[in-house]
1. Quick check: is even one residue across segment 11-26 in a strand (DSSP E or B), more than 22 Å from the chain's Cα centre (by Cα), at negative phi and exposed (fewer than 14 other Cβ atoms within 10 Å of the Cβ)?
2. What are the residues in segment 95-121 that are open to solvent by 50 Å² or more (accessible area, probe 1.4 Å) and polar (S, T, N, Q), if any?
3. Based on what the data block shows, is residue 104 more than 16 Å from residue 176 (Cα to Cα), among the hydrophobic types (A, V, I, L, M, F, W, C) and touching an Asp or Glu at 6+ places or on another chain (Cβ under 6 Å)?
4. Go through segment 180-200 and give me each residue that's open to solvent by 10 Å² or more (accessible area, probe 1.4 Å) and within 19 Å of residue 73 (Cα to Cα).
5. Can you confirm whether residue 249 is surrounded by fewer than 14 Cβ atoms within 10 Å (Cβ to Cβ) and not charged (D, E, K, R)?
6. Confirm whether residue 119 is in contact with a Lys or Arg (Cβ under 7 Å, 6 or more places away or on another chain), touching a residue at least 24 places away in the same chain (Cβ under 8 Å), closer than 15 Å to residue 51 by Cβ and among the aromatic types (Phe, Trp, Tyr).
7. Read through the list (1) under 16 Å from the mean Cα position of the chain (by Cα); (2) aromatic (Phe, Trp, Tyr); (3) more than 20 Å from residue 417 (Cβ to Cβ), then give the number of the only condition that residue 119 fails.
8. Among the numbered criteria (1) in a loop (DSSP other than H, G, I, E, B); (2) at pLDDT below 85; (3) open to solvent by 90 Å² or more (accessible area, probe 1.4 Å), which single criterion is violated by residue 130?
Amino acid sequence: MEAETSAQWRFAQCFGDKGEVDDITEADIISTVEFDHTGDYLATGDKGGRVVLFERNEQKRGCEYKFYTEFQSHEPEFDYLKSLEIEEKINRIKWCKRQNSAHFLLSTNDKTIKLWKVFDKQIKVVAENNHSDGFPSGGANGAQPPLRLPKMTTHDSITAAVPRKVYANAHAYHINSISVNSDGETYISADDLRINLWNLNISDQSFNIVDIKPVNMEELTEVITAAEFHPIHCNLFMYSSSKGTIKLADMRESALCDAHAKLFEEEEDPTQKSFFSEIISSISDVKFSKDGRYILSRDYLTLKIWDIAMENKPVKTINIHDHLRQKLCDLYENDCIFDKFECTFSGDGDSVLTGSYHNYFRIYDVNTDNDVVLQADKSAFKAKKVGGARGKTPGKKEGLQTEGIDFQKKILHASWHPQENTIAIAATNNLFLYSTLS
């Protein structure tokens with residue numbers, strides 16, 4: 001059965017420039033990807049500050065999406081007080097639950113969060129303007145012509161995107177995460193040292209709920225790397241740190257949540273300790289499972305699944321690219337060791353997904369240890385697939401050989417459809433869709 005499920009994953013679609021382009025425009029590189037709560041819509045953000053939305057093509061069987069709309073979310077800015085350039089790159093997009101026919105989504109760059117309303121708008125034009133048909137100006141015999149009004153007809157329907165709220169000036173450091181609360185009214189935004197709580201309707205004030213900034217910045221030992229609200233309990237949220245810890249905080253306990261309710265941390269194996277230990281233990285992403293029972297965390301070499309009721313060690317540790325452990329020195333030299341790979345649970349919580357180098361990404365079945373390795377590459381058009389069981393050493397069969405890996409091609413961003421086995425993968429300037437639907 002396991003072999004059967006692994007064989008079902010197949011390439012479905014690719015958006016973006018399909019040619020072999022060596023000189024990719026920096027602005028076209030996708031920096032975030034996110035399905036909405038229904039899975040019928042998909043959003044991507046890029047380094048050029050644009051947000052592109054796709055919608056499910058209902059006319060087609062199986063999994064197919066089509067372009068919906070595109071808009072410029074952020075522009076490059078300059079902070080004159082700090083002499084800092086603020087990039088337009090979109091760091092995160094989060095959909096708000098849909099209340100009516102319009103879509104609402106939050107997008108953020110390093111400093112400013114915006115709430116966008118995306119809706120279909122009817123354009124009306126004047127079809128007939130018949131004020132003075134057949135009457136000379138002044139009228140014959142001085143008689144006034146009957147008043148006739150211009151007629152409006154629906155000309156076209158366009159999709160408009162307007163910023164409803166701009167949440168600015170609340171972060172001194174770079175924003176790395178935003179997460180909408182299950183109450184649908186509030187959200188958190190996290191930067192390197194602080195987490196702020198916002199009401200979606202109020203853009204000029206936020207509450208600082210976590211602050212790890214030391215009085216003396218020379219004593220700084222860790223930074224916040226990601227944060228997320230619990231999917232069910234609106235008072236709980238978690239945040240991860242560069243020290244490899246995950247803290248669960250409860251907003252009911254106090255206004256400032258610096259004292260965590262739970263701390264998830266695994267003791268380091270002293271035999272594995274090296275110069276790079278601290279860098280590779282930094283957590284790049286954390287996600288709750290849909291039921292909120294489990295936490296998925298990704299550090300440089302591993303993916304860990306934690307039970308929310310067990311803090312001392314993860315229930316499962318999955319090695320992603322353990323074969324790179326010997327290459328950490330080279331990866332430090334070329335800065336790849338600081339790459340921030342994202343991770344995600346499937347909608348049913350039975351599978352997890354994360355990326356690797358050379359445009360490989362891996363899907364793990366949590367219950368059976370079954371493992372599928374796929375490559376989001378132009379070769380996907382030829383339906384090329386490499387599969388391998390996790391027990392094997394990554395070798396040529398899995399396509400994960402240590403030699404010849406292109407470290408510039410990496411799968412950092414991915415999103416899983418909330419109800420089905422369809423995944424969206426960002427590979428440089430392309431968006432790939434894979435699915436088990438025929």
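1. no
2. Of everything in segment 95-121, those that are open to solvent by 50 Å² or more (accessible area, probe 1.4 Å) and polar (S, T, N, Q) turn out to be 99, 100, 101.
3. no
4. 180, 200
5. no
6. In short, no.
7. For residue 119, the failing item is (1).
8. Residue 130 satisfies every listed condition except (3).
The values are calculated or read from the model by the stated rules, or taken from the named source; none is laboratory data. Note that the coordinates shown come from a computational prediction; the quantities given were computed from them, not determined experimentally. Cβ sites come from the backbone with ideal geometry, for glycine too, and all protein chains shown count toward neighbours. Side chains are part of the model used for accessible areas, which takes the heavy atoms of the whole protein and leaves out ligands, DNA and RNA. Shrake-Rupley method; radii C 1.70, N 1.55, O 1.52, S 1.80 Å.
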